1. Could you line up A:His501, A:His456 from fewest to most neighbouring Cβ atoms inside 10 Å?
2. Taking only the C-alpha atoms, wrap a convex hull around the protein assembly as shown and report its volume per residue in Å³ as a whole number.
3. Using the number of other C-beta atoms within 10 angstrom as an exposure proxy, rank A:Arg275, A:Arg373, A:Arg434 with the fewest first.
4. Only bridges with both residues in segment A:371-513 count here: give the DSSP antiparallel percent, nearest 5.
5. Could you sort B:10-23, A:338-351 so that the peptide with the highest average Cβ count within 10 Å comes first and the rest follow in order?
6. How large is Rg over Rh for segment A:205-260, taking Rg from the Cα atoms and Rh as the Kirkwood inverse mean of 1/r across Cα pairs?
7. Cut-off 10 angstrom, C-alpha nodes, Gaussian network model of chain B. Which of B:Ala118, B:Ala85, B:Ala105 fluctuates the most?
8. Semi-axes of the equivalent ellipsoid of segment B:4-156: what are they in whole Å, largest first, if each equals the square root of 5 times a C-alpha gyration tensor eigenvalue?
Amino acid sequence: MSEGTGISRRQFIKTSALAGGGLLLACHIPFGNRDAAAAGEASFAPNAFLRIGTDESVTVIVNKSEMGQGVYTSLPMLLAEELCCDWQKVRFQPSPVAPEYNHAQFGPIMVTGGSTSVRSEWERLSLAGAAAREMLIAAAAGRWKVGPSACRAENGVVLGPGGKQLSFGKLAASAAKLAVPREPRLKTGARKLLGKPLHRLDSPAKINGSAIFGIDVAVPGMLTAVIARPPVFGGRVKSFDASGALAVPGVKRVLAVDAGVAVVGDGFWPAMNGREKLQIIWEEPEESKISTSAMREEYARLSATPGLPARKDGDAPAVLSAAKKRFEAEYEVPYLAHAPMEPLNCFVDLKADSCLIRTGSQFQTVDRNAAARVAGLKPEQVTLETTFLGGGFGRRACTGSDFVIEAVQVAKAIKLPVKVIRTREDDMRAGYYRPMWYDRITACLDDKGLPLAWHHRIVGQSIIAGTPFESAMVKDGIDDTSVEGAANTPYAIPNLQVELHSPKNAVPVLWWRSVGHSHTAFVMECFLDELAHAAGIDPFQYRRRLLAKHPRTLKVLETAAKKAGWSKPLPRGHGRGIAVHESFGSFVAQVAEVSIDKKGQLKVLRVVCAIDCGRIVNPDTIKAQMESGITFGLSAALFGAITLKNGRVEQGNFHDYQLVRMQGMPKVEAYVIDSNEPPGGVGEPGVPPIAPAVANALFAATGARVRSLPITAEKISVALGKG
Amino acid sequence: MVVFHVNGKERRVDVTPDTPLLWVLREKLGLAGSKFGCGEGLCGACTVHVDGQPLRSCVTPVGDVRGKKVMTIEGIPENHPVKKAWLAQEVSQCGYCQPGQIMSAVALLKKKPKPTDADIDSAMSGNLCRCGTYGRIRRAIHAVGAGASTKGGKKP
């Protein structure tokens, strides 16, 4: 915290909290530490996001969690562009949890999600950089006794008349004494950093093993705990015998917490050995002994009955009942685990009047408040330090703060610093999944073969119902995250009706990279493909006709098709599929090329992707996120399924919850559209189109229409047998 | 007491010999660069070298490496061509799996200085990456094979 600034965390939070109240600029740049004395004479801290040291260091304080998406580089780039500093001097520092670091659009919480980091911080960080630049210029102008307009900033130096120059570091102390400009002006002219493929600032630490993830946190005297968890959701400990566990060398304590029975040891291995020796009798509520096969039947039944309206244009049911020919299909996708490479974990050091948490969180304010509740402290007595996240994908923005609460409960009981680690099996079986979905669509075509009516019923759990966000995010019974991507489809369909059933059950569900779009894009883009083939129209041309009023969607569609060589002939057994989807303010189209061998083995060979995410910060990061979203979505399309039998999750590790590996990775080409539109997200929008692109390619190659994910060899063979 | 060498230094640890090497490195020797991902040798995040061979340290009892030479990510020099190629190709995303990926890649390149795609598939398919950096890993390995990284590498 004190690196390069001479300011302690305590001072920082104290002064930040003071400034969080009234002193906001019109553009809402929190001042943070404005007090030169508190900042130390050696530094310039014009707002909550920036410190400039006399050693010329420029530290950008980042209020977003780094989980692979590159925010420790893209957000500093936004500020540095306006500051006109030397990029080589820029370093990043994760922000503490404080009001000035709350999400710029989501209300009073610090959170990283919804692919919003760049788009929500663009203005605030640009202005923060511009304000600091003006102060540095004013400081230099004052020293030289010239007007500020006679000076300019460039590459970490203020340049004045007659070749005068002073570095930012030399100006830091005097700039710190100046008033913050109320309306800083953004620079005009060419961009120095934005739009350039700058290298990530966090890469060196990530390749030499020095990057600290939550699981790496260690302090002297720290113990390590693992928790034996109930076999079913909602299960509780009835009784347990700890004697076997306590006899294991290195096991220190065994105790019941809400999540199960915690075994605390002087390391992971003793705790694990202790856990194996536990004798536990669980209480399993009847309602938790559910199976996904029975749920699927229930969902199918529900899909045949009217749901709550999410979209109604024209009169789809009436048009359909009068139609000569109707097309009907059921689509389904399973529960999915986030399975970040770093299993969930949390370090807690709980004292009588304070609590230190170090973990990889995407949901800092919610987690901190939950910890305070459990610890019996005020939220401001809890310090949450965000480490690197070994993947997040939504799992570390948990509405129930499960992995934090269980660690605070253990810490409260043992009164020593402790780190709770989940094994891969714990991580995969203890809950929070992308919901299972069942969709039924009926459609008919007009005389040109285009969709005339589309009646779509969606069945699946709401991820928001029952959380503190329900009142804000569920309107008239419709959780928007259940229908996004379907209820707001850009396709021109005159009679469109979308209905929603939100059944409840014991399975904990959560946002999973791309949220509702992860299922709606599959359904929409595959069924539209079916209609195109039924109409005898090329699926790419079919989409073009229906997107005439959506130029950005159209542009990515055409770009992907062109770059993929859409109409070029392919060898026998190969096929191309296309899909396009808008999500999180960005537009993405993908063309997948697949092959199928004589044994029915599907291989994805190549994916061509085009994205329009508006104005860009770092084009290489955008490409990396497209590669990432495609791989993540492909794992789900080909392998991903969490199933339950008698309430028990049937998968546990990477042998039965498989991910794409090197040998199955297609060649990916990503193209970024040159755009002046407002910035969109990039972390999630690459995920939705890949599953439908692959399913559509499979159909093109074989005539097999697989309407259920994952696309297994068995489903392909069934589809071929029928088809 | 188990005695073995880690990154060129003799280390003595007082643990039961069945303790996986991974947890000895991470918790007893302060070498947290090797990661826990699955505990079953399925993901490769814990990959280290034992007498030059890549090994999954999460399923290797420390008793099995008595007297042997262990190399972890912390033992790979900063100017190693593989690390330089990783930076030049901007491979890392969340970064959690990368120490294991790099250890597998270093072992591959030692055995086959100019690996083919098939060599890369076979040597690297035991290392999972949830962020999807496989394409860049492949490029980085080929770049080392072609000697590109020694000339400063290519911009991604």
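1. Details: A:His501 21, A:His456 29.
Exposure proxy ranking, most exposed first: A:His501, A:His456.
2. Numbers: hull volume 149.1 nm³, N = 879.
It comes to 170 Å³ per residue, whole-number rounded.
3. Values: A:Arg275 25, A:Arg373 14, A:Arg434 30.
Result, fewest neighbours first: A:Arg373, A:Arg275, A:Arg434.
4. Details: 10 of 18 bridges.
Expressed as a percentage, antiparallel bridges in segment A:371-513 total about 55.
5. Details: B:10-23: 17.4, A:338-351: 25.2.
Put in order of decreasing packing, that is A:338-351, B:10-23.
6. On the way: Rg = 16.0 Å, Rh = 14.4 Å.
A ratio of 1.11.
7. Among B:Ala118, B:Ala85, B:Ala105, the largest GNM mean-square fluctuation belongs to B:Ala118.
8. Details: eigenvalues 147, 47, 36 Å².
Semi-axes from the Cα gyration tensor: 27, 15, 13 Å.
A short reminder: the numbers here are calculations on the coordinates, not readings from a lab. Since the structure is predicted, the reported quantities are computational estimates derived from the model, not experimental observations. So basically every Cβ, Gly included, is an ideal-geometry build from the backbone, and we count neighbours across all protein chains shown.
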